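Reviewing the structure listed below.
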Amino acid sequence: MRLSRYFLPVLKETPAEAQIASHRLMLRAGMIKQASAGIYSWLPLGFRVLKRIEQIVNEEQIRAGHIPMLMPTLQSADLWRDSGRYDDYGEEMLRITDRHGRDMLYGPTNEELVTDIFRSYVKSYKDLPLTLYHIQWKFRDEIRPRFGVMRGREFLMKDGYNFDLTKEDALHAYNRHLVAYLRTYERMGLQAIPMRADGGPIGGDYTHEFLVLADTGESEVFYDSQVTDLTFGDRDIDYDSVAQCQGVLDEFTSRYARTDETHDAALFDQVPEERRRVARGIEVGQIFYFGTKYSDALGATVINDKQEQIPVHMGSHGIGVSRLLGAIIEASHDDKGIIWPEGVTPFHCGIVNLRQGDAATDGACADLYAALTKAGLEPLYDDRDERAGAKFATMDLIGLPWRITVGPRGLKNGVVELTSRKTGESVEMSAEDAVARIVEIYRDI
Ligand code: 5CA
């Protein structure tokens, strides 16, 4: 993409309404624009990152054997009356009446709808296990939407639902989700720690939240510092292996790590004092096992091998897709702007032309652009007629991990400059080497 033809409305001023870095930077980098309280338009740069995050979530869900689909945002109130949640959900639910006077709602989550789909088609234990998921907009009429996409009213969520014959099978599905989530967050450059939590309006008493540690997080968390040493890395997991998935769950959840809702001071005291931590975190996902709560209420049963009709065991599993942008920026920025991890960056690298209009630099930039594009990468080429300082400031603000700077002086010596946004380090090399280096960096991402 050429910046001169793109739509990147960066702001010079720091927006007064933004209290935390990620919100400020998303506004300044022209990623989002508030449409009304807690509701945002995703401008092209923000939309790109959102799509990358969705793609990683999709890839990891499919790898775990979960099946993508799409359910609507608007739902009929009837199903929610059957489950008993129509009244329970309270004022957070946006209720709508259609022209025929029918009660509708903008879905805050999808347990009812997916259970209805399940009960309409699945009749036999032979069709289990089954996990369906979608990535869809949700609406929760939060009393205090704040921090930009972090606590929105309209937000994008991946929500998945497992249907299993037995509790053991459903717990395997739970563990599978935990593994898939660990992989998902790590690919985004995040450490998200599973912590025992509370079921809230979704229900169930077996649930973990995934928290990214950050001073600006809304949740208070208590943990054994050893949990921060754990990484999933590139281990190969067989998602069908009950033992392997259970092993990962045990490894990642055996040390004390809880949100304030389930914090147990007596248990926490058993952690050696030098390892006890009290901090804040951003909840980027949550997994639940809630047994037969919805299948009992909505009649989701299957016939087992003894010809008995039994309710299925279920769980639901959510990732805050739009919230993740905020969480990633909170975890990765400096005073100049965002520092995107390579896994989610909106463009793979920037190209800065220091003398726009000069035949040699224009030509070298065009060649670089073509070579990167040919290699399957998406560069953002700043071809505007601007001062170098302004171009660098824009690149630093929008946070592309790599920048290639092309100027007349370097070209005379046959070199361009490759700069890491993270370390600020610059290395001179030939344009071909710079392309090869970038290709190499993104090879396994
Ligand atoms: N049905 C279950 C799991 S599919 C569910 O709704 N879980 S949840 O309530 O925990 O939401 C899943 C994730 O969505 C949360 O972990 C959080 O990351 C994100 N989320 C929840 N509320 C908001 C909000 N108001 N703004 C942005 N993200 C949110």
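The values are calculated or read from the model by the stated rules, or taken from the named source; none is laboratory data. Treat the numbers as computed from the prediction; the structure is a model and nothing was measured. Neighbour counts run over all protein chains shown; Cβ positions are idealised from the backbone, glycine included.
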Being closer than 30 Å to Ala21 by Cβ and of a type in the set (S, T, N, Q) narrows it down to one residue among Ser332, Ser295, Ser316; which is it? Ser332
Given the conditions (1) closer than 23 Å to Gly217 by Cα; (2) at pLDDT 95 or above, every one holds for Lys306 apart from (1)
Note on region 402-445: residues of a type in the set (Asp, Glu) and out of contact with any Asp or Glu (no Cβ under 6 Å at 6 or more places or on another chain) are Glu425, Glu432, Asp433, Glu440, Asp444
All positions within region 285-331 that are more than 11 Å from the ligand (Cβ to nearest atom), of a type in the set (Gly, Ala, Ser) and touching a Ser or Thr at 6+ places or on another chain (Cβ under 6 Å): Ala297, Ala300
Just for region 216-260: of the residues that are touching a residue at least 12 places away in the same chain (Cβ under 8 Å) and basic (Lys, Arg), which one is farthest from Met195 (Cα to Cα)? Arg255
Taking region 256-279 and the residues there that are more than 19 Å from Thr207 (Cβ to Cβ) and among the β-branched types (Val, Ile, Thr), the one that is surrounded by the most Cβ atoms within 10 Å (Cβ to Cβ) would be Val271
Counting just the residues of region 106-119 that are surrounded by fewer than 21 Cβ atoms within 10 Å (Cβ to Cβ) and more than 22 Å from the chain's Cα centre (by Cα), which one comes out farthest from the ligand (Cβ to nearest atom)? Arg119
Scan region 84-116 for residues that are more than 23 Å from Phe288 (Cα to Cα) and in a loop (DSSP other than H, G, I, E, B) and jot them down. Asp98, Arg99, His100, Gly101, Arg102
Determine whether Asp205 is of a type in the set (D, E, K, R), at pLDDT below 95 and over 30 Å from Trp340 (Cβ atoms). yes
Asp169 being acidic (Asp, Glu), more than 9 Å from the ligand (Cβ to nearest atom) and not in a loop (DSSP other than H, G, I, E, B): yes
Answer with yes or no whether Ile282 is over 21 Å from Gly204 (Cβ atoms), within 16 Å of the ligand (Cβ to nearest atom) and touching a strand residue (DSSP E or B) at 6+ places or on another chain (Cβ under 8 Å). yes
Within region 364-371, is there a residue that is surrounded by fewer than 18 Cβ atoms within 10 Å (Cβ to Cβ) and touching a Ser or Thr at 6+ places or on another chain (Cβ under 6 Å)? no
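The rows are residues; the columns are (1) near the ligand (Cβ under 10 Å from one of its atoms); (2) touching an Asp or Glu at 6+ places or on another chain (Cβ under 9 Å); (3) touching a residue at least 24 places away in the same chain (Cβ under 8 Å); (4) farther than 20 Å from Glu60 by Cβ.
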position: Met104; (1), (2), (3), (4): no, yes, yes, yes
position: Tyr121; (1), (2), (3), (4): no, yes, no, yes
position: Tyr133; (1), (2), (3), (4): yes, yes, yes, no
position: Arg140; (1), (2), (3), (4): yes, yes, yes, yes
position: Ile143; (1), (2), (3), (4): no, yes, yes, yes
position: Val149; (1), (2), (3), (4): yes, no, yes, yes
position: Leu156; (1), (2), (3), (4): yes, yes, yes, no
position: Tyr161; (1), (2), (3), (4): yes, yes, yes, no
Selection from region 289-299 of residues part of a strand (DSSP E or B) and buried (at least 22 other Cβ atoms within 10 Å of the Cβ) yields Tyr289
